[in-house]
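Worksheet: the structure to be examined is printed underneath.
Since every read-out is calculated from the coordinates, none of them should be taken as a lab result. Small disclaimer: the values here were computed from a predicted structure and weren't measured. Every residue, glycine among them, receives a Cβ derived from its backbone with ideal geometry; neighbour counts consider all protein chains shown.
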Amino acid sequence: MKAVLVIADGMADVPLKELKRRTPLEAAQTLSMDRIADLGICGMIDVIAPGIPPGSDIAHLALLGYDVMEVYTGRGALEAIGSGVDILPNDLAFRCNFASVDKDFNVMDRRAGRIENEDAAKLAVAIEESLRDDPPDVGDILFKSSVQHRAVLRLSGPNLSPMVSDTDPLKTGVKVLKSRPLDNSREAKRTSEILNKLTQQMHEAVKNHPTNEERISRGLLPANNVLIRGVGQLPEIDPLTLLYGIHPAAIAAVPLVRGICKTAGMRLIPVPGATGTYETDVIAKAKAAVEALHSYSFVLIHVKATDLAGHDNRPPKKMKMIEKVDALTTHLINNVDLDKTFIAVTADHTTSSIKQAHSGEPVPVAIMGPHVRVDDVKEFGERPCMKGGLGRIRGKDLMPILVDLLGKAEKAGS
Ligand SMILES: [Zn+2]
């Protein structure tokens, strides 16, 4: 038996006036996801707990069956791992943003106009050179740009502490923050001092860089600062193979989800055309999943852009993206052996188009496959799934349910 789990990021939403009080998922044409609901069992998932809006990081850890209160150690390390940066125990990893600041260090744009990968890579080289020529007082340091404005900073060595605050003020028009120690330890004080020095050094390394001068001449904002946030350390989690006896693989484009899957011991399947954007090639993803099911017993497919449309409050765009996810599931239904394969669809959280943020409502889930106990739900959506046979479960309950369907669950008691 095999299973494929489709997670559409932030797909769940709230009823919207412009959609006649339907959610984007209810309003979109989703014949294949409706079929999964019709032939399967449905329910609602409180990904962490009722009323708690989850970040995508802990949401995915929960959907993979982990107790996030126990294992979560910050987003930085997970994103770093997903960007191809190795993190060892005790390393500190930070998420960084190339940003634009004025001469007084006020943030003009936290994402430097969503700088292109090529420009960010050139600036990252300048930062690396500066760190090599004038190394900060730390065992080892690595800075790497990933996608657009995003980058990763890794500090290694003794006497470091994750108990430090971010330099990212999370809004524009205010000054870049100074990192502060969050406890009284020497290590936290030292680490925050290193971050503040680094902020200045990285600014010096890129402020007059030819790439920035060229950006200004094109009428673009210069990427003349690096905001540091989201410190994380390597989470100590057991791989899914050990926990559930499955052979897992993952298809995901965004570094964060890739990092989580890799940390969970899943093989990352590269898919050309999978971009994490609206243009992502969902059929290429589905084809890769069908292929992967020959070698792996559990395949996760993550689609990011449903979430972006919610954050941007673009319901028609969100519906379109949901329809792309539906096309992905159509390909799965048509190409996997339905006598031996379970197909599950869900979201990692609700992204409310009204709040333009993650919110705490539960997300719908549907699972079809051989011998699933079918309920009366005929359509996939927030409203219909409330009446489903799975009832209302927690995120961490989903994996045990799938593992049980796969016939791999261990009996409790004797
Ligand atoms: Zn998410």
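Key figures
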quantity: Environment charge of Gly40, counting only residues whose C-beta is closer than 13 Å and scoring Lys/Arg +1, Asp/Glu -1; calculated: -2
quantity: Once the Cα gyration tensor of the range 183-234 is diagonalised, semi-axes √(5λ) in Å; calculated: 31, 12, 7
quantity: Val372, Val271 arranged by Cβ crowding within 10 Å, fewest neighbours leading; calculated: Val372, Val271
quantity: Hz values of 3J(HN,Hα) by residue in the range 27-44 - Karplus curve (6.51, -1.76, 1.60), Gly and Pro given as x; calculated: 7, 6, 7, 10, 4, 6, 5, 4, 5, 4, 5, 5, 8, x, 10, 10, x, 10
quantity: Positive-end residue of Thr263, Val325, Ile216, charge dipole of the range 173-328 with Cβ unit charges; calculated: Ile216
quantity: Per-selection Kirkwood Rh - the range 80-232 (Cα, Å, 1 d.p.); calculated: 15.4 Å
quantity: With Cα atoms, 0 to 90° folded angle of helix 315-335 axis to the chain main axis; calculated: 60 degrees
quantity: Mean separation of Cα contacts under 8 Å, 6 or more apart, over the residue count of the range 80-232: relative contact order %; calculated: 32 percent
quantity: Leading residue at positive end of dipole, the chain (Cβ point charges), from Leu198, Thr341, Leu25; calculated: Leu25
quantity: Nonlocal amide H pairs with Phe342, under 5 Å, H built at 1.01 Å; calculated: Lys2, Ala3, Val4
quantity: For the range 269-414, convex hull of alpha carbons as volume per residue, Å³; calculated: 132 Å³
quantity: Furthest towards positive pole of dipole, Ser56, Ser165, Pro384, structure part the chain, Cβ charges; calculated: Pro384
quantity: Rg ratio (alpha-carbon, reference 2.2 N^0.38 Å) - the range 231-281; calculated: 1.28
quantity: Kirkwood-based shape ratio for the range 1-83, expressed as Rg/Rh from alpha carbons; calculated: 1.02
quantity: Cα centre as origin, Lys/Arg/Asp/Glu Cβ charges: the range 80-232 dipole, Debye; calculated: 520 debye
quantity: C-alpha center-to-center spacing [the range 1-39, the range 51-120] in angstrom; calculated: 27 Å
quantity: Under 15 Å, Cβ to Cβ, from Asn117 - net charge with Lys/Arg +1 and Asp/Glu -1; calculated: +2
quantity: Rg/Rh (Cα only; Kirkwood hydrodynamic radius) as it applies to the chain; calculated: 1.00
quantity: Debye, to nearest 20: dipole size of the chain, +1 on Lys, Arg Cβ, -1 on Asp, Glu Cβ; calculated: 700 debye
quantity: Orientation-averaged projected area, Cα convex hull of the range 153-293 (nm²); calculated: 12.6 nm²
quantity: Karplus-derived 3J(HN,Hα), 6.51/-1.76/1.60, for each residue of the range 302-310, Hz, glycine and proline x; calculated: 10, 10, 8, 5, 4, 5, 4, 5, x
quantity: Unpaired by the 4.7 Å Cβ criterion, cysteines found in the chain; calculated: Cys96, Cys261
